[in-house]
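Below: the structure, in structure tokens.
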Amino acid sequence: MGRTYIMGKCGRTIRGRETGLNLPNVLTLCRFALIPVYIAFFSAHRYKTAFMIVLLAGATDILDGYLARKRGQITQLGIMLDTLADKCMVLTVIISLLLSGKIPWQAAAAMLVRDAGMIIGSAFFHLRGKRTVPANSLGKMTTVLFYIAFLFLFFEFSYAVTFLWFAIGVSFIASIIYIILFFTMNKRADVTG
């Protein structure tokens, strides 16, 4: 079993007791399970149902974060899995929208490069024992913007692609801030640790 870390109100990480999977982490794992369900509905051209699956995934994202904070069950494993589940769902939606011709390849490439880089970087540094930065308000706002863009794309609004590019721009700003916070936090931990 992995070591559990509880995040303090000031953002400090406090070493806690050894535990198994908690409810927030189980909800996060459910988001991974929803990915093949989404693919099945999208492949069957049941786009509205597929979008409802995306919304369900978003709801579990909100719920697991709320429960983790309320119960004091924020863990390093949970932080990493939460980010990974978000990215995997978004990447799946991007690829499906690209293959169906609903978004241009340039937008898909920008999103894929950004999200794949975040996934690979997070996994690499997690395996090296580095601390993961919890999702911040800008990161969560980016996720919300992508969900709105997906709504516009699934229902074929005329300005859907323009709004998608706006969400992509915000996502790159969020990534830069995340990288700065990551290196600042781990540098401070190395000095104090």
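The values are calculated or read from the model by the stated rules, or taken from the named source; none is laboratory data. Being a predicted model, the structure only gives us computed values, none of them experimental. Quick reminder, even Gly has a Cβ in these numbers, built from the backbone with ideal geometry, and neighbours come from all protein chains shown. We work out accessible area using only protein heavy atoms, side chains counted, and drop any ligands, DNA or RNA first. Shrake-Rupley method; radii C 1.70, N 1.55, O 1.52, S 1.80 Å.
Listing for the model above:
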| quantity | calculated |
| --- | --- |
| Residues of the stretch 68-79 satisfying the condition of being buried (at least 18 other Cβ atoms within 10 Å of the Cβ) and part of a helix (DSSP H, G or I) | A68, Q76, L77, G78, I79 |
| Count of residues meeting criterion [crowded, with 16+ Cβ neighbours inside 10 Å and free of Cβ contacts under 8 Å to residues at least 60 places away in the same chain] in the stretch 99-109 | 2 |
| Whichever residue in the stretch 117-142 is crowded, with 20+ Cβ neighbours inside 10 Å and of a type in the set (S, T, N, Q) and, among such residues, is modelled with the highest pLDDT | T142 |
| Which numbered condition R114 misses (of (1) among the charged types (D, E, K, R); (2) in a helix (DSSP H, G or I); (3) open to solvent by 40 Å² or more (accessible area, probe 1.4 Å)) | (3) |
